[in-house]
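Everything on this sheet refers to the single structure shown next.
The values are calculated or read from the model by the stated rules, or taken from the named source; none is laboratory data. All values reported here derive from a predicted model rather than from experimental measurement. Cβ atoms come from the backbone with ideal geometry, glycine included; neighbour counts cover every protein chain shown. Surface accessibility is based on the protein's heavy atoms, side chains included, excluding ligands, DNA and RNA. Shrake-Rupley method; radii C 1.70, N 1.55, O 1.52, S 1.80 Å.
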Amino acid sequence: MATHERAGLLPRASDLVDLSRLISDYYSIRPDPTDPAQRVQFGTSGHRGSASRGSFNERHLTAIVQAVCEWRARTGISGPMFVAKDTHALSEPAWRTTLEVLASNGVEAWSAPEADYVPTPLLSRAIVGRQADHPLDGLAITPSHNPPTDGGIKYNPPHGGPAEGTVTSAIEARANELLATEVSKRSWVDARSRVRWFDFSTPYIQSLAEIVDLKRIAASGIRLGADPLGGATVGVWEPLAEHHRLNLHVVNPEIDGTFRFVPLDSDGKIRMDCSSRHAMAELVRKSGDYDLAFGNDADGDRHGIVTKQGLMNPNQVLALAVDTLFRTRVDWRKEVGAAITVVTSDLVHRVTEAHGRSTIQTPVGFKWFVPLLLHGNVGLAGEESAGASILCFDGRPWTTDKDGIVMDLLAAEMMARSGRDLSELYLELTQKHGVPHYRRIDAPAPPERKAVLKKLSADAIQAETLAGELIVERMVAAPGNGEPIGGLKVTTASGWFAARPSGTEDVYKIYAESFRDEAHLDRLLSEARELVERAFEEAGV
(Lines give C-alpha, C1' and ligand atoms only; values in the text may rest on other atoms or scores of the structure.)
Protein backbone atom coordinates (compact mmCIF):
# COMPACT_ATOMS: atom_id res chain seq x y z
CA MET A 1 0.00 0.00 0.00
CA ALA A 2 1.40 3.41 -1.01
CA THR A 3 2.62 5.76 1.70
CA HIS A 4 0.45 8.84 2.15
CA GLU A 5 1.98 12.07 0.85
CA ARG A 6 1.70 13.75 4.26
CA ALA A 7 2.81 10.78 6.39
CA GLY A 8 4.97 12.02 9.25
CA LEU A 9 3.49 15.53 9.17
CA LEU A 10 1.10 16.99 11.72
CA PRO A 11 -2.59 16.72 10.77
CA ARG A 12 -4.61 19.54 9.29
CA ALA A 13 -7.96 20.66 10.69
CA SER A 14 -9.69 18.58 8.03
CA ASP A 15 -7.98 15.44 9.36
CA LEU A 16 -9.44 15.83 12.85
CA VAL A 17 -12.52 14.00 14.08
CA ASP A 18 -15.60 15.95 15.19
CA LEU A 19 -15.68 14.86 18.83
CA SER A 20 -19.19 16.10 19.61
CA ARG A 21 -20.57 14.21 16.60
CA LEU A 22 -18.61 11.10 17.57
CA ILE A 23 -20.01 11.08 21.12
CA SER A 24 -23.50 11.74 19.82
CA ASP A 25 -23.18 8.77 17.45
CA TYR A 26 -22.10 6.57 20.37
CA TYR A 27 -25.49 7.08 22.01
CA SER A 28 -27.76 7.58 18.99
CA ILE A 29 -26.70 4.92 16.48
CA ARG A 30 -28.11 1.47 17.09
CA PRO A 31 -26.01 -1.25 15.46
CA ASP A 32 -27.67 -3.67 13.05
CA PRO A 33 -27.14 -7.20 14.47
CA THR A 34 -27.54 -8.66 10.96
CA ASP A 35 -24.63 -6.61 9.56
CA PRO A 36 -21.32 -8.45 10.17
CA ALA A 37 -19.46 -5.13 10.30
CA GLN A 38 -21.65 -3.95 13.20
CA ARG A 39 -21.62 -7.10 15.32
CA VAL A 40 -19.34 -7.71 18.30
CA GLN A 41 -16.02 -9.09 17.08
CA PHE A 42 -13.17 -9.92 19.43
CA GLY A 43 -9.83 -9.76 17.62
CA THR A 44 -6.45 -10.58 19.16
CA SER A 45 -7.15 -8.04 21.90
CA GLY A 46 -10.82 -7.24 22.47
CA HIS A 47 -13.57 -5.57 20.45
CA ARG A 48 -12.78 -2.35 18.57
CA GLY A 49 -14.81 -0.12 16.29
CA SER A 50 -16.10 3.36 15.57
CA ALA A 51 -19.33 4.88 16.87
CA SER A 52 -19.93 6.67 13.58
CA ARG A 53 -19.70 3.39 11.64
CA GLY A 54 -22.04 1.60 14.02
CA SER A 55 -19.35 -0.73 15.33
CA PHE A 56 -18.68 0.77 18.79
CA ASN A 57 -21.85 2.15 20.35
CA GLU A 58 -23.64 2.06 23.67
CA ARG A 59 -25.45 -1.13 22.61
CA HIS A 60 -22.10 -2.85 22.04
CA LEU A 61 -20.90 -1.89 25.50
CA THR A 62 -24.05 -2.93 27.34
CA ALA A 63 -24.05 -6.27 25.51
CA ILE A 64 -20.33 -6.97 26.05
CA VAL A 65 -20.26 -5.99 29.72
CA GLN A 66 -23.43 -7.97 30.43
CA ALA A 67 -21.86 -11.00 28.70
CA VAL A 68 -18.73 -10.58 30.83
CA CYS A 69 -20.83 -10.37 34.00
CA GLU A 70 -22.61 -13.60 33.08
CA TRP A 71 -19.32 -15.28 32.25
CA ARG A 72 -17.67 -14.35 35.56
CA ALA A 73 -20.77 -15.45 37.51
CA ARG A 74 -20.78 -18.79 35.69
CA THR A 75 -17.07 -19.37 36.33
CA GLY A 76 -17.06 -18.34 40.00
CA ILE A 77 -15.24 -14.99 39.78
CA SER A 78 -16.62 -13.29 42.87
CA GLY A 79 -14.14 -10.51 43.54
CA PRO A 80 -14.29 -6.91 42.32
CA MET A 81 -13.81 -5.85 38.71
CA PHE A 82 -10.99 -3.41 37.95
CA VAL A 83 -11.98 -0.92 35.24
CA ALA A 84 -9.45 1.19 33.31
CA LYS A 85 -9.85 3.68 30.49
CA ASP A 86 -7.51 5.49 28.10
CA THR A 87 -7.70 8.93 26.49
CA HIS A 88 -9.69 8.13 23.32
CA ALA A 89 -12.83 10.26 23.19
CA LEU A 90 -15.10 7.20 23.16
CA SER A 91 -13.43 5.74 26.25
CA GLU A 92 -15.19 8.17 28.61
CA PRO A 93 -18.80 7.33 27.60
CA ALA A 94 -17.88 3.64 27.28
CA TRP A 95 -16.42 3.76 30.81
CA ARG A 96 -19.68 5.20 32.15
CA THR A 97 -21.75 2.58 30.35
CA THR A 98 -19.50 -0.15 31.74
CA LEU A 99 -19.93 1.03 35.32
CA GLU A 100 -23.70 1.31 34.85
CA VAL A 101 -24.00 -2.30 33.66
CA LEU A 102 -21.65 -3.60 36.36
CA ALA A 103 -23.76 -1.85 39.00
CA SER A 104 -26.92 -3.39 37.60
CA ASN A 105 -25.33 -6.83 37.99
CA GLY A 106 -24.19 -6.16 41.53
CA VAL A 107 -20.51 -6.33 40.53
CA GLU A 108 -18.25 -4.14 42.65
CA ALA A 109 -16.19 -1.90 40.34
CA TRP A 110 -12.78 -0.56 41.30
CA SER A 111 -11.74 2.31 39.07
CA ALA A 112 -9.52 5.37 39.05
CA PRO A 113 -11.25 8.73 39.63
CA GLU A 114 -13.06 10.21 36.64
CA ALA A 115 -10.29 12.57 35.55
CA ASP A 116 -7.58 9.87 35.66
CA TYR A 117 -6.49 7.51 32.92
CA VAL A 118 -5.09 4.05 33.53
CA PRO A 119 -2.57 2.39 31.20
CA THR A 120 -3.24 -1.30 30.49
CA PRO A 121 -0.06 -2.52 32.27
CA LEU A 122 -1.23 -0.87 35.49
CA LEU A 123 -4.50 -2.80 35.22
CA SER A 124 -2.66 -6.08 34.65
CA ARG A 125 -0.27 -5.37 37.52
CA ALA A 126 -3.19 -4.63 39.85
CA ILE A 127 -4.86 -7.96 38.99
CA VAL A 128 -1.65 -10.02 39.26
CA GLY A 129 -0.68 -8.36 42.54
CA ARG A 130 -4.01 -8.53 44.39
CA GLN A 131 -5.31 -12.09 44.00
CA ALA A 132 -6.60 -13.32 47.35
CA ASP A 133 -9.56 -15.39 48.50
CA HIS A 134 -11.85 -14.04 45.80
CA PRO A 135 -10.67 -14.05 42.17
CA LEU A 136 -10.87 -10.66 40.48
CA ASP A 137 -10.55 -9.51 36.88
CA GLY A 138 -10.56 -6.36 34.77
CA LEU A 139 -11.88 -4.46 31.79
CA ALA A 140 -9.61 -2.14 29.81
CA ILE A 141 -11.55 0.42 27.79
CA THR A 142 -9.17 1.21 24.98
CA PRO A 143 -8.68 0.62 21.25
CA SER A 144 -4.93 0.74 21.87
CA HIS A 145 -3.17 2.65 19.05
CA ASN A 146 -6.26 2.88 16.81
CA PRO A 147 -7.34 6.26 15.33
CA PRO A 148 -9.30 8.86 17.35
CA THR A 149 -12.57 7.74 15.75
CA ASP A 150 -12.33 4.36 17.47
CA GLY A 151 -13.19 2.84 20.82
CA GLY A 152 -12.40 -0.52 22.29
CA ILE A 153 -12.87 -2.83 25.26
CA LYS A 154 -10.76 -5.78 26.38
CA TYR A 155 -11.38 -8.37 29.09
CA ASN A 156 -8.55 -9.55 31.36
CA PRO A 157 -9.50 -12.61 33.49
CA PRO A 158 -7.97 -13.37 36.92
CA HIS A 159 -4.59 -14.27 35.39
CA GLY A 160 -4.25 -10.58 34.47
CA GLY A 161 -3.60 -10.93 30.75
CA PRO A 162 -5.78 -10.89 27.63
CA ALA A 163 -8.55 -13.48 27.74
CA GLU A 164 -8.10 -16.81 25.96
CA GLY A 165 -9.91 -17.51 22.71
CA THR A 166 -12.40 -19.84 24.37
CA VAL A 167 -13.37 -17.04 26.78
CA THR A 168 -13.65 -14.29 24.18
CA SER A 169 -15.60 -16.57 21.83
CA ALA A 170 -18.17 -17.24 24.54
CA ILE A 171 -18.40 -13.55 25.47
CA GLU A 172 -18.67 -12.53 21.80
CA ALA A 173 -21.44 -15.05 21.09
CA ARG A 174 -23.49 -14.00 24.10
CA ALA A 175 -22.92 -10.28 23.40
CA ASN A 176 -24.25 -10.69 19.87
CA GLU A 177 -27.36 -12.37 21.28
CA LEU A 178 -27.85 -9.32 23.50
CA LEU A 179 -27.02 -6.72 20.85
CA ALA A 180 -30.63 -6.12 19.83
CA THR A 181 -31.97 -6.06 23.40
CA GLU A 182 -32.25 -3.47 26.14
CA VAL A 183 -29.67 -4.55 28.71
CA SER A 184 -30.42 -3.41 32.25
CA LYS A 185 -28.16 -0.70 33.66
CA ARG A 186 -28.21 1.69 36.58
CA SER A 187 -28.31 5.45 36.23
CA TRP A 188 -24.93 7.13 36.11
CA VAL A 189 -25.49 8.83 39.49
CA ASP A 190 -26.34 5.49 41.10
CA ALA A 191 -23.51 3.61 39.39
CA ARG A 192 -20.97 6.25 40.30
CA SER A 193 -21.94 6.09 43.96
CA ARG A 194 -21.15 2.37 44.01
CA VAL A 195 -17.63 2.63 42.54
CA ARG A 196 -14.61 2.13 44.78
CA TRP A 197 -12.04 4.68 43.64
CA PHE A 198 -8.71 2.91 43.35
CA ASP A 199 -5.14 4.20 43.01
CA PHE A 200 -3.50 2.15 40.24
CA SER A 201 -0.43 4.38 39.87
CA THR A 202 1.22 4.58 43.30
CA PRO A 203 1.76 0.85 43.96
CA TYR A 204 2.88 0.34 40.37
CA ILE A 205 5.40 3.18 40.51
CA GLN A 206 6.74 2.20 43.92
CA SER A 207 7.32 -1.43 42.94
CA LEU A 208 9.11 -0.70 39.63
CA ALA A 209 12.46 -1.19 41.36
CA GLU A 210 11.56 -4.90 41.51
CA ILE A 211 11.90 -5.21 37.74
CA VAL A 212 14.19 -2.45 36.42
CA ASP A 213 17.47 -1.10 37.87
CA LEU A 214 16.17 2.41 38.46
CA LYS A 215 18.99 3.33 40.84
CA ARG A 216 21.49 2.71 38.07
CA ILE A 217 19.45 4.85 35.67
CA ALA A 218 19.19 7.67 38.21
CA ALA A 219 22.91 7.54 39.02
CA SER A 220 23.82 7.70 35.32
CA GLY A 221 22.05 11.05 34.92
CA ILE A 222 21.05 10.24 31.34
CA ARG A 223 18.51 12.67 29.92
CA LEU A 224 15.26 10.86 29.14
CA GLY A 225 12.33 12.13 27.10
CA ALA A 226 8.92 10.45 27.44
CA ASP A 227 6.14 11.16 24.94
CA PRO A 228 2.73 9.74 25.93
CA LEU A 229 1.44 10.55 22.41
CA GLY A 230 -1.62 11.98 24.15
CA GLY A 231 -2.26 8.66 25.89
CA ALA A 232 -2.86 7.24 29.35
CA THR A 233 0.79 7.29 30.46
CA VAL A 234 0.57 11.08 30.72
CA GLY A 235 -0.22 10.83 34.44
CA VAL A 236 2.46 8.23 35.19
CA TRP A 237 5.77 9.62 33.95
CA GLU A 238 6.15 12.70 36.16
CA PRO A 239 5.40 10.99 39.51
CA LEU A 240 7.53 8.04 38.40
CA ALA A 241 10.47 10.30 37.62
CA GLU A 242 10.06 12.17 40.90
CA HIS A 243 9.80 9.03 43.02
CA HIS A 244 12.85 7.36 41.45
CA ARG A 245 14.80 10.60 40.87
CA LEU A 246 15.17 10.15 37.14
CA ASN A 247 16.31 12.91 34.82
CA LEU A 248 13.15 12.59 32.75
CA HIS A 249 11.08 15.16 30.88
CA VAL A 250 7.55 14.62 29.58
CA VAL A 251 7.80 15.82 26.00
CA ASN A 252 4.11 16.62 25.53
CA PRO A 253 1.68 16.35 28.48
CA GLU A 254 -1.34 17.46 26.44
CA ILE A 255 -4.58 15.46 26.25
CA ASP A 256 -6.90 16.05 23.30
CA GLY A 257 -9.32 13.49 21.90
CA THR A 258 -8.49 14.55 18.34
CA PHE A 259 -4.80 13.70 18.91
CA ARG A 260 -3.96 16.69 16.70
CA PHE A 261 -0.30 16.61 17.84
CA VAL A 262 0.33 13.07 16.52
CA PRO A 263 1.76 13.02 12.96
CA LEU A 264 -0.13 11.16 10.26
CA ASP A 265 0.72 7.49 9.87
CA SER A 266 1.72 5.81 6.61
CA ASP A 267 -1.90 5.65 5.40
CA GLY A 268 -2.70 9.27 6.28
CA LYS A 269 -4.62 8.40 9.44
CA ILE A 270 -3.85 9.63 12.94
CA ARG A 271 -2.70 6.53 14.79
CA MET A 272 -0.88 6.46 18.12
CA ASP A 273 1.46 3.70 16.98
CA CYS A 274 4.75 4.20 18.77
CA SER A 275 6.42 1.62 16.52
CA SER A 276 5.65 3.70 13.40
CA ARG A 277 8.37 6.07 12.19
CA HIS A 278 5.64 8.31 10.79
CA ALA A 279 3.58 8.57 14.00
CA MET A 280 6.80 9.10 16.00
CA ALA A 281 8.21 11.73 13.65
CA GLU A 282 7.75 14.62 16.10
CA LEU A 283 9.60 12.81 18.88
CA VAL A 284 12.38 11.84 16.47
CA ARG A 285 12.72 15.53 15.52
CA LYS A 286 13.16 16.40 19.21
CA SER A 287 15.41 13.45 20.05
CA GLY A 288 18.54 15.62 19.99
CA ASP A 289 17.40 17.12 23.31
CA TYR A 290 17.76 13.76 25.05
CA ASP A 291 20.19 10.89 25.43
CA LEU A 292 17.27 8.50 24.97
CA ALA A 293 13.60 9.12 24.22
CA PHE A 294 10.57 6.88 24.11
CA GLY A 295 6.88 6.96 23.33
CA ASN A 296 3.86 4.82 24.14
CA ASP A 297 0.54 4.16 22.47
CA ALA A 298 -2.71 5.43 23.97
CA ASP A 299 -3.03 2.72 26.63
CA GLY A 300 0.69 2.41 27.34
CA ASP A 301 1.14 -1.24 26.47
CA ARG A 302 3.55 -0.65 23.57
CA HIS A 303 7.02 0.87 23.47
CA GLY A 304 8.78 3.05 20.91
CA ILE A 305 12.50 3.62 21.56
CA VAL A 306 14.26 6.60 19.96
CA THR A 307 18.05 6.95 19.94
CA LYS A 308 20.29 9.56 18.37
CA GLN A 309 20.00 7.50 15.19
CA GLY A 310 16.20 7.54 15.15
CA LEU A 311 13.36 5.14 15.99
CA MET A 312 14.48 1.59 16.66
CA ASN A 313 12.56 -1.30 15.16
CA PRO A 314 10.77 -3.24 17.94
CA ASN A 315 12.63 -6.40 16.89
CA GLN A 316 15.91 -4.62 17.55
CA VAL A 317 14.77 -3.64 21.03
CA LEU A 318 13.67 -7.21 21.81
CA ALA A 319 17.03 -8.63 20.69
CA LEU A 320 18.92 -6.16 22.89
CA ALA A 321 16.54 -6.84 25.76
CA VAL A 322 17.03 -10.62 25.82
CA ASP A 323 20.79 -10.15 25.59
CA THR A 324 20.78 -7.77 28.56
CA LEU A 325 18.30 -9.75 30.63
CA PHE A 326 20.09 -13.08 30.28
CA ARG A 327 23.39 -11.42 31.23
CA THR A 328 22.14 -9.45 34.24
CA ARG A 329 19.19 -11.29 35.84
CA VAL A 330 21.41 -13.71 37.73
CA ASP A 331 18.63 -15.00 39.98
CA TRP A 332 16.52 -16.30 37.14
CA ARG A 333 16.32 -20.07 36.79
CA LYS A 334 18.48 -21.60 34.05
CA GLU A 335 15.33 -23.01 32.44
CA VAL A 336 13.87 -19.54 31.88
CA GLY A 337 13.78 -18.73 28.17
CA ALA A 338 12.10 -16.23 25.85
CA ALA A 339 8.76 -16.25 24.02
CA ILE A 340 8.12 -14.57 20.69
CA THR A 341 5.47 -14.74 18.00
CA VAL A 342 6.13 -16.54 14.71
CA VAL A 343 6.45 -13.16 12.96
CA THR A 344 9.11 -11.79 15.30
CA SER A 345 12.71 -11.51 14.07
CA ASP A 346 14.79 -14.67 14.21
CA LEU A 347 17.56 -12.51 15.67
CA VAL A 348 15.79 -12.74 19.03
CA HIS A 349 15.96 -16.54 18.79
CA ARG A 350 19.65 -16.45 17.80
CA VAL A 351 20.57 -14.24 20.75
CA THR A 352 18.52 -16.29 23.20
CA GLU A 353 20.10 -19.51 21.93
CA ALA A 354 23.58 -18.02 22.32
CA HIS A 355 22.84 -17.62 26.02
CA GLY A 356 21.94 -21.30 26.26
CA ARG A 357 18.25 -20.52 26.61
CA SER A 358 15.24 -21.76 24.65
CA THR A 359 12.81 -19.77 22.51
CA ILE A 360 9.09 -20.54 22.42
CA GLN A 361 7.24 -19.39 19.29
CA THR A 362 3.49 -18.74 19.46
CA PRO A 363 0.79 -17.33 17.18
CA VAL A 364 0.25 -13.55 17.12
CA GLY A 365 -1.57 -12.31 20.22
CA PHE A 366 -0.23 -11.65 23.70
CA LYS A 367 -2.77 -14.05 25.20
CA TRP A 368 -0.47 -16.94 24.22
CA PHE A 369 2.26 -15.58 26.51
CA VAL A 370 0.10 -15.32 29.63
CA PRO A 371 0.74 -18.78 31.18
CA LEU A 372 4.44 -18.57 30.32
CA LEU A 373 4.81 -15.28 32.20
CA LEU A 374 2.47 -16.24 35.02
CA HIS A 375 4.53 -19.35 35.84
CA GLY A 376 7.88 -17.66 35.29
CA ASN A 377 8.86 -19.87 32.36
CA VAL A 378 10.06 -17.01 30.14
CA GLY A 379 12.03 -13.96 31.15
CA LEU A 380 10.77 -11.96 28.20
CA ALA A 381 7.68 -12.36 26.05
CA GLY A 382 7.60 -10.04 23.07
CA GLU A 383 5.87 -9.24 19.80
CA GLU A 384 7.21 -7.60 16.65
CA SER A 385 4.47 -4.97 17.08
CA ALA A 386 6.28 -3.47 20.12
CA GLY A 387 4.47 -5.27 22.92
CA ALA A 388 6.45 -7.07 25.62
CA SER A 389 6.71 -7.88 29.30
CA ILE A 390 9.49 -9.28 31.47
CA LEU A 391 9.90 -10.95 34.86
CA CYS A 392 11.00 -9.29 38.10
CA PHE A 393 14.61 -9.63 39.24
CA ASP A 394 13.69 -12.63 41.40
CA GLY A 395 11.76 -14.37 38.61
CA ARG A 396 8.23 -13.46 39.76
CA PRO A 397 5.69 -12.32 37.17
CA TRP A 398 5.26 -8.57 36.82
CA THR A 399 2.41 -8.23 34.35
CA THR A 400 0.78 -10.79 32.09
CA ASP A 401 -0.11 -8.13 29.56
CA LYS A 402 2.16 -5.88 27.50
CA ASP A 403 4.02 -3.20 29.48
CA GLY A 404 5.40 -0.37 27.38
CA ILE A 405 6.48 1.60 30.46
CA VAL A 406 8.77 -1.15 31.71
CA MET A 407 10.23 -1.69 28.24
CA ASP A 408 11.01 2.04 28.00
CA LEU A 409 12.76 1.89 31.38
CA LEU A 410 14.61 -1.29 30.42
CA ALA A 411 15.97 0.58 27.40
CA ALA A 412 17.19 3.29 29.79
CA GLU A 413 18.77 0.63 32.00
CA MET A 414 20.61 -0.82 28.99
CA MET A 415 22.02 2.60 28.18
CA ALA A 416 22.91 3.29 31.81
CA ARG A 417 24.73 -0.04 32.11
CA SER A 418 26.74 0.35 28.93
CA GLY A 419 27.17 4.11 28.71
CA ARG A 420 26.54 3.73 24.99
CA ASP A 421 23.82 4.52 22.49
CA LEU A 422 21.49 1.56 21.94
CA SER A 423 22.00 1.76 18.19
CA GLU A 424 25.70 1.05 18.77
CA LEU A 425 24.86 -1.89 21.01
CA TYR A 426 22.52 -3.28 18.37
CA LEU A 427 25.16 -3.01 15.65
CA GLU A 428 27.57 -4.92 17.87
CA LEU A 429 24.94 -7.60 18.45
CA THR A 430 24.38 -8.10 14.72
CA GLN A 431 28.11 -8.48 14.14
CA LYS A 432 27.90 -11.57 16.34
CA HIS A 433 24.59 -13.03 15.20
CA GLY A 434 23.92 -11.72 11.69
CA VAL A 435 22.23 -8.66 10.22
CA PRO A 436 18.46 -9.11 9.76
CA HIS A 437 16.54 -7.17 7.11
CA TYR A 438 12.92 -7.12 8.24
CA ARG A 439 9.77 -5.53 6.84
CA ARG A 440 6.00 -5.80 6.95
CA ILE A 441 3.64 -4.74 4.18
CA ASP A 442 -0.15 -4.58 4.12
CA ALA A 443 -2.42 -5.36 1.19
CA PRO A 444 -6.19 -4.84 0.82
CA ALA A 445 -8.29 -7.91 1.62
CA PRO A 446 -12.09 -8.12 1.92
CA PRO A 447 -13.49 -10.52 4.55
CA GLU A 448 -13.74 -13.45 2.14
CA ARG A 449 -10.02 -13.23 1.32
CA LYS A 450 -9.13 -12.90 4.99
CA ALA A 451 -11.14 -16.04 5.71
CA VAL A 452 -9.26 -17.99 3.02
CA LEU A 453 -5.88 -16.84 4.32
CA LYS A 454 -6.74 -17.71 7.90
CA LYS A 455 -7.54 -21.31 6.92
CA LEU A 456 -4.69 -21.99 4.47
CA SER A 457 -3.13 -25.43 4.76
CA ALA A 458 0.59 -26.09 4.53
CA ASP A 459 0.21 -27.61 1.06
CA ALA A 460 -1.57 -24.50 -0.29
CA ILE A 461 1.85 -23.25 -1.38
CA GLN A 462 3.08 -25.66 -4.05
CA ALA A 463 6.32 -23.83 -4.87
CA GLU A 464 9.57 -25.63 -4.04
CA THR A 465 11.71 -22.52 -3.85
CA LEU A 466 11.39 -19.00 -2.46
CA ALA A 467 13.67 -16.12 -3.48
CA GLY A 468 16.15 -18.53 -5.02
CA GLU A 469 16.38 -20.94 -2.08
CA LEU A 470 14.74 -24.27 -1.31
CA ILE A 471 11.78 -24.05 1.04
CA VAL A 472 12.62 -25.95 4.22
CA GLU A 473 9.38 -25.45 6.16
CA ARG A 474 5.73 -24.53 5.62
CA MET A 475 4.13 -23.64 8.93
CA VAL A 476 0.44 -23.21 9.78
CA ALA A 477 0.76 -24.00 13.50
CA ALA A 478 3.14 -22.40 16.01
CA PRO A 479 5.91 -24.77 17.16
CA GLY A 480 5.70 -23.47 20.72
CA ASN A 481 2.15 -24.58 21.43
CA GLY A 482 0.77 -26.20 18.30
CA GLU A 483 -1.92 -23.56 17.89
CA PRO A 484 -2.93 -22.30 14.41
CA ILE A 485 -1.10 -19.13 13.42
CA GLY A 486 -4.10 -17.91 11.41
CA GLY A 487 -2.15 -17.87 8.18
CA LEU A 488 1.05 -19.36 6.77
CA LYS A 489 4.80 -19.05 7.33
CA VAL A 490 7.34 -20.25 4.76
CA THR A 491 11.03 -20.59 5.64
CA THR A 492 14.28 -21.01 3.70
CA ALA A 493 17.89 -21.22 4.86
CA SER A 494 18.38 -17.46 5.05
CA GLY A 495 14.90 -15.96 5.15
CA TRP A 496 11.19 -16.38 5.66
CA PHE A 497 7.83 -14.80 5.06
CA ALA A 498 4.52 -15.05 6.90
CA ALA A 499 1.07 -13.95 5.75
CA ARG A 500 -1.93 -13.49 8.01
CA PRO A 501 -5.15 -11.44 7.98
CA SER A 502 -5.58 -8.36 10.16
CA GLY A 503 -7.96 -8.83 13.06
CA THR A 504 -9.29 -5.25 12.89
CA GLU A 505 -8.91 -3.95 9.32
CA ASP A 506 -9.71 -5.20 5.79
CA VAL A 507 -6.08 -5.95 4.97
CA TYR A 508 -3.73 -8.89 5.14
CA LYS A 509 -0.18 -8.57 6.37
CA ILE A 510 2.98 -10.02 4.90
CA TYR A 511 6.03 -10.14 7.15
CA ALA A 512 9.44 -11.09 5.79
CA GLU A 513 13.01 -11.29 7.00
CA SER A 514 16.29 -11.86 5.20
CA PHE A 515 19.69 -12.47 6.75
CA ARG A 516 21.32 -11.66 3.39
CA ASP A 517 20.46 -8.16 2.15
CA GLU A 518 17.68 -5.75 1.20
CA ALA A 519 17.50 -7.06 -2.35
CA HIS A 520 16.80 -10.55 -1.02
CA LEU A 521 14.15 -9.10 1.30
CA ASP A 522 12.48 -7.33 -1.62
CA ARG A 523 12.39 -10.61 -3.51
CA LEU A 524 10.94 -12.46 -0.51
CA LEU A 525 8.12 -9.93 -0.22
CA SER A 526 7.40 -9.90 -3.94
CA GLU A 527 7.24 -13.67 -4.28
CA ALA A 528 5.24 -13.97 -1.05
CA ARG A 529 2.65 -11.57 -2.45
CA GLU A 530 2.45 -13.61 -5.68
CA LEU A 531 2.04 -16.89 -3.78
CA VAL A 532 -0.73 -15.52 -1.57
CA GLU A 533 -2.56 -13.93 -4.50
CA ARG A 534 -2.36 -17.24 -6.37
CA ALA A 535 -3.92 -18.99 -3.37
CA PHE A 536 -6.78 -16.46 -3.47
CA GLU A 537 -7.31 -17.11 -7.18
CA GLU A 538 -7.43 -20.87 -6.64
CA ALA A 539 -10.00 -20.35 -3.90
CA GLY A 540 -12.08 -18.17 -6.23
CA VAL A 541 -11.92 -14.98 -4.14
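So the values come out like this:
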read-out	value
Complete set of residues in segment 497-527 that are open to solvent by 10 Å² or more (accessible area, probe 1.4 Å), more than 12 Å from Asp442 (Cα to Cα) and among the acidic types (Asp, Glu)	Asp517, Glu518, Asp522, Glu527
Test: residue in segment 359-377 that is basic (Lys, Arg), open to solvent by 10 Å² or more (accessible area, probe 1.4 Å) and farther than 27 Å from Phe497 by Cα	no
Qualifying residue in segment 38-48 (condition: crowded, with 18+ Cβ neighbours inside 10 Å, within 25 Å of Ala298 (Cα to Cα) and of a type in the set (Phe, Trp, Tyr))	yes
Entirely in segment 108-223, the helices (runs of 4 or more DSSP H) that have 1 or more residues that are modelled with pLDDT under 95	120-129, 165-178
Residues satisfying the stated conditions in segment 400-410, i.e. under 17 Å from Asp297 (Cα atoms), under 16 Å from the mean Cα position of the chain (by Cα) and open to solvent by less than 10 Å² (accessible area, probe 1.4 Å)	Asp401, Asp403, Gly404, Ile405, Val406, Met407, Asp408
Residues located in segment 254-271, provided they are part of a loop (DSSP other than H, G, I, E, B) and aliphatic (A, V, I, L, M)	Ile255, Val262
Selection count, segment 278-314, where residues are open to solvent by less than 20 Å² (accessible area, probe 1.4 Å) and part of a loop (DSSP other than H, G, I, E, B)	8
From Arg260, Arg196, Arg277, Arg245, residue being more than 22 Å from Thr120 (Cα to Cα) and either free of Cβ contacts under 8 Å to residues at least 24 places away in the same chain or over 23 Å from the mean Cα position of the chain (by Cα) (or both)	Arg245
Residues (of a type in the set (Lys, Arg) and over 20 Å from Phe82 (Cα atoms)) located in segment 165-205	Arg174
Glu413 open to solvent by 10 Å² or more (accessible area, probe 1.4 Å), of a type in the set (Asp, Glu) and part of a helix (DSSP H, G or I)	no
Leu10 aliphatic (A, V, I, L, M), over 22 Å from Val189 (Cβ atoms) and either touching a residue at least 24 places away in the same chain (Cβ under 8 Å) or not in a helix (DSSP H, G or I) (or both)	yes
Residue satisfying condition, being of a type in the set (Ser, Thr, Tyr), modelled with pLDDT under 95 and either within 18 Å of the chain's Cα centre (by Cα) or crowded, with 22+ Cβ neighbours inside 10 Å (or both), within set Ser457, Ser385, Ser389	Ser385
Top-ranked residue in segment 171-182 [being crowded, with 17+ Cβ neighbours inside 10 Å and under 17 Å from Arg72 (Cα atoms); ranked as farthest from the chain's Cα centre (by Cα)]	Leu178
Filter result for the condition that a residue is within 24 Å of the chain's Cα centre (by Cα) and over 22 Å from Arg196 (Cβ atoms), over Ala84, Ala51	Ala51
Residue identified as touching a strand residue (DSSP E or B) at 6+ places or on another chain (Cβ under 6 Å), open to solvent by less than 10 Å² (accessible area, probe 1.4 Å) and in a loop (DSSP other than H, G, I, E, B) among Val317, Val343	Val343
Only listed residue being open to solvent by 40 Å² or more (accessible area, probe 1.4 Å) and among the hydrophobic types (A, V, I, L, M, F, W, C), chosen from Trp188, Trp110	Trp188
